[in-house]
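Laboratory data are not the source of any read-out in this text; all were calculated from the coordinates shown. Predicted model only: the values in this text are computed from it and were never measured. No Cβ is skipped: glycine too gets one built from the backbone with ideal geometry, and neighbour counts run over all protein chains shown.
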Amino acid sequence: MEPGNRARVEAWLRYGSDLGLGPYYRDRAVPETAVMATPGAGVESLDQPSQAMAAAAGQTDAGSTLAFSQPPVSPAASVSPRSSPAVSLAQDPSLFEASDRIEGDTLGLIRETIGDCTRCKLHKGRTNIVFGVGSMKAQLVFVGEGPGRDEDIKGEPFVGRAGKLLTQMIEAMGLRREDVYICNVVKCRPPENRLPEKDEITTCSPFLFRQIDVIRPKVICCLGSCASQTLLQTTQGISRFRGEWFDFRGSKLIATYHPAYLLRNPNAKGEVWKDLQKVMAVLGLQPKRK
């Protein structure tokens, strides 16, 4: 166990001891992953969708612009037929999460803390740190994997072709881009738009968690495998849990495919719209009228 994690566990155990809690179960089976596989869902390789998304960030198909104006949200969209009743959507943070929160934290303070970051190797090739953009009071936060070339140049997340598609998705939900908050797991562009590596995610993701803690959205929508696996702490492919609801630090979390993946696989757009309908039902939104 890493020293930092060990210290947190020891502190948690001491806290439990002070409260008179225990003994803790020692013979309890620990699940291999944080997410249960959905019965009947296809097992998707971790590399396949991720590689497609990484390639799509710099390489897209012609004629793939999507008009996300779809039929109104049906009542059935509010409850996923695949949802597991075992998934908790409690609003209160766990003891670990509460200990992570920084009293009086703000987005400005987080950005100031990041500074001219050189904490991992990604800083060597970046043009700009891509922090995040949108409303500080957003009820919906979109989380992607990392900046691409266009984002690195402009210093704003999701401004390339995948970003334009995300904007269409947001508008089809009856929202404007400025109504939501958009950010990434890592703040600097990985070389050649590759997926962020484990050490880079470990270094940078705490800033993402702080952003989420400050905004406290009602819903977090993870775009693609990297964001989903980082927040849910799993190695399973996104097709195993896409469209399911989970709890993350007091917010409802749902995972769907990355817009860059949709540019290369337009047949998946219908599945993403179903996921967005679930988000709309929770937020009480109606789709944009033509």
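For the reader, a short list of remarks on this structure follows.
- Counting charges near GLU112 (Lys, Arg +1; Asp, Glu -1) among other residues having Cβ under 12 Å from its Cβ returns a value of 0.
- Too-long pairs where the Cα-Cα distance tops 27 Å, listed order kept, from LYS154/LYS274; LYS198/LYS269; LYS252/LYS288: LYS154/LYS274; LYS198/LYS269
- ³J(HN,Hα), Karplus 6.51/-1.76/1.60, whole Hz, each residue of the range 253-267, x for Gly, Pro: 10, 9, 10, 9, 6, 6, x, 5, 5, 5, 5, 9, 9, x, 5
- Remark: the range 201-218, residue by residue, has Karplus-estimated 3J(HN,Hα) of 5, 4, 6, 9, 4, x, 5, 4, 4, 5, 4, 5, 4, 5, 6, 6, x, 6 Hz, where x stands for each Gly or Pro and the curve is 6.51 cos²θ - 1.76 cosθ + 1.60 at θ = phi - 60°.
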